[in-house]
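The structure under discussion appears below in the form of structure tokens.
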Number of protein chains: 2
Amino acid sequence: MRDDEPALDRLIHEPARLAILTVLSSVESADFVFLQRTTGLTKGNLSSHLSKLEDGGLVAIEKTFVRRKPNTSVALTAEGRERTARHWDQLDLMRARAQAPADDRP
Amino acid sequence: MRDDEPALDRLIHEPARLAILTVLSSVESADFVFLQRTTGLTKGNLSSHLSKLEDGGLVAIEKTFVRRKPNTSVALTAEGRERTARHWDQLDLMRARAQAPADDRP
């Protein structure tokens with residue numbers, strides 16, 4: 001990335017985590033099964049990525065019982081929502097800069 | 001990624017390589033110094049990423065002398081151009097799918 005362009009956040013950019021965060025950006029919260037279905041990740045992969053995201057402060061995980069069955073609900077934290085949106089903006093900027101005619105580039 | 005959605009190509013998705021490939025997508029070819037300036041990468045990082053991309057068949061690297069000075073020119077191969085464009089399409093699809101209202105998701 002250029003000096004004036006912060007490096008892409010690897011916690012967010014990893015493909016599976018980018019998919020998880022992007023799905024969560026469009027909902028208030030989502031349960032584990034929904035996330036598994038929409039991302040296509042295995043149970044183990046999804047769990048390990050979610051704990052990395054939780055450790056990084058980007059998601060909040062809530063474990064409850066629904067009709068006596070354990071239920072895991074995941075939501076973006078405010079920081080998670082902000083940093084995910086910024087990540088997509090950075091990708092858009094990278095693309096736009098690359099597609100600007102070569103002589104227009106500072 | 002969902003079963004019907006191929007996984008993101010990690011050779012391309014790595015942040016620095018995505019930046020290099022995206023810059024190269026908008027030019028016929030670019031010399032090393034131009035790539036260094038537009039991506040902000042160090043000489044060492046740029047060289048190591050370029051050899052990975054060359055090994056992966058995504059770029060072609062040509063070393064010549066310009067006015068008796070060594071010059072390295074880099075261009076996407078046809079495969080590189082196609083796979084980079086497809087990568088951005090996949091990112092767009094991921095984003096669009098995530099932003100589709102939850103009940104519209106198959």
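Readers should treat all values here as calculations from the given coordinates under stated rules, not as data from a laboratory. Keep in mind that what you see is a predicted model, and the values were worked out from it rather than measured. Heads up, the Cβs are rebuilt from the backbone with ideal geometry, glycines too, and the neighbour counts pull from every protein chain shown.
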Margin query: For a distance above 16 Å, tell me the whole-number percent of Cα pairs in the stretch B:1-91 that qualify.
Written below: 52
Note to self: Let me spell out the model: positive unit charges on the Cβ of Lys and Arg, negative unit charges on the Cβ of Asp and Glu, origin at the Cα centre of chain B. What dipole size does that give, in debye rounded to 20?
What the structure shows: 740
Check: Cβ under 14 Å from A:Pro70's Cβ, A:Pro70 left aside: what net charge do those residues give with Lys, Arg +1 and Asp, Glu -1?
Finding: +3
Check: Once the Cα gyration tensor of the protein assembly as shown is found, what semi-axes does its equivalent ellipsoid get, as square roots of 5 times the eigenvalues, in whole Å, sorted largest first?
Finding: 38, 16, 14
Margin query: Below 20 Å, Cα to Cα, which lysines can B:Lys52 reach? Residues fewer than 8 away in the same chain don't count.
Written below: B:Lys43, B:Lys63
Notebook entry, point to check: Of the trypsin sites (Lys or Arg not before Pro) in the stretch A:1-98, which ones lie in a loop per DSSP and count no more than 13 other C-beta atoms within 10 Å?
Noted result: A:Arg67, A:Arg68
